Structure formats: C-alpha cells, structure tokens
1. When Lys and Arg each count +1 and Asp and Glu each count -1, what net charge do the other residues less than 14 Å away from THR20, Cβ to Cβ, add up to?
2. Using Cα positions and a limit of under 17 Å, work out the lysines in reach of LYS25, with same-chain residues fewer than 8 apart set aside.
3. Accessible surface of LYS35 in the full protein assembly, 1.4 angstrom probe, to the nearest 10 Å²?
4. On a straight-distance basis, which lysines could pair with LYS56 in a cross-link, Cα separation under 24 angstrom, same-chain partners fewer than 8 positions away excluded?
5. Give me the percent of the accessible area of segment 12-100 that comes from carbon and sulfur atoms, probe 1.4 Å, all protein chains in place.
6. Where does segment 12-100 land on Rg(C-alpha)/(2.2 N^0.38 Å)?
7. Whenever you get a sec, line up LEU21, LEU76 from highest to lowest accessible area (probe 1.4 Å, protein heavy atoms).
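The values are calculated or read from the model by the stated rules, or taken from the named source; none is laboratory data. Worth saying up front: this structure is predicted, and the values here are computed from it rather than measured. No Cβ is skipped: glycine too gets one built from the backbone with ideal geometry, and neighbour counts run over all protein chains shown. Note: areas computed on protein heavy atoms with side chains; ligands, DNA, RNA excluded. Shrake-Rupley method; radii C 1.70, N 1.55, O 1.52, S 1.80 Å.
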Amino acid sequence: WDNADFSRGVGTTFYQEFSTLNTAKPPFVRDVEAKIRRYMRSSYSAAWTLKITWEKAPVYAARTDTRKTITYQAVLTTDGFRSYILMLYQDGGMQWDYTRLTSTNVLIGYT
C-alpha cells in the first residue's frame with residue numbers, strides 16, 4: 001500500500017471499525033465471516049473488524065499522472081484468537097501503469 005500518493009488532493013482514504021463482541025453484526029461483518037468460513041473451511045465469528053478503503057488512489061508520484069487511480073480495501077478481523085486479512089481490489093485489478101513506477105518489483109497482495 002506504499003505506492004499511493006495523495007499529495008495532490010486526489011483520492012481518499014477512510015476506515016470503519018466494527019466491534020461486534022456480544023452485539024448484533026451488520027451485513028458487512030456477516031459477509032466477512034462467510035468469506036473466511038468458505039476460504040479457510042473453518043468456523044469463524046468476528047469479535048472485531050476494521051475496513052480500510054483507499055478510493056481513487058493515484059500512484060506515487062502523483063505529480064506525473066493523477067488520471068489512473070485504483071480503489072482497494074484491506075479488511076482486518078479477529079475473533080480474539082485467530083486474525084485474518086482480506087485484500088480486495090477493484091474489478092479489473094491494478095489500474096496503475098506499473099511500467100512507470102520507480103520500483104520494478106511490483107506485487108499485488110503480500111508475501
């Protein structure tokens with residue numbers, strides 16, 4: 001997430017926290033739980049979830065081009081024992097022109 005550049009006033013970053021221990025769960029948290037159950041093939045009930053969204057984020061350095069942006073999210077969640085992260089990208093994947101990045105070892109996701 002380090003190559004987004006918001007210095008030109010283009011794009012937004014925001015977050016939403018869901019503390020769901022002993023409370024009703026909103027549809028977003030229920031969807032996260034369902035994804036984890038499906039992908040991990042295990043039971044899961046979230047106690048806490050954090051959704052971070054980078055909306056229309058321009059690539060670093062934005063001074064050269066703010067037209068190609070990307071929207072992506074990181075969703076962190078825990079049941080107090082196990083923790084997971086979902087990394088979600090807009091349909092169509094990375095929209096930045098990776099050939100113009102200062103780094104040549106581009107990676108979507110993590111390693």
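1. Its environment carries a net charge of -1.
2. LYS35, LYS51
3. Surface accessible to solvent at LYS35 totals approximately 50 Å².
4. Here the lysines satisfying the reach criterion relative to LYS56 are LYS68.
5. 52 percent
6. Taking the Cα Rg and dividing by 2.2 N^0.38 Å, one obtains 1.31.
7. Putting LEU21, LEU76 in descending order of accessible area: LEU21, LEU76.
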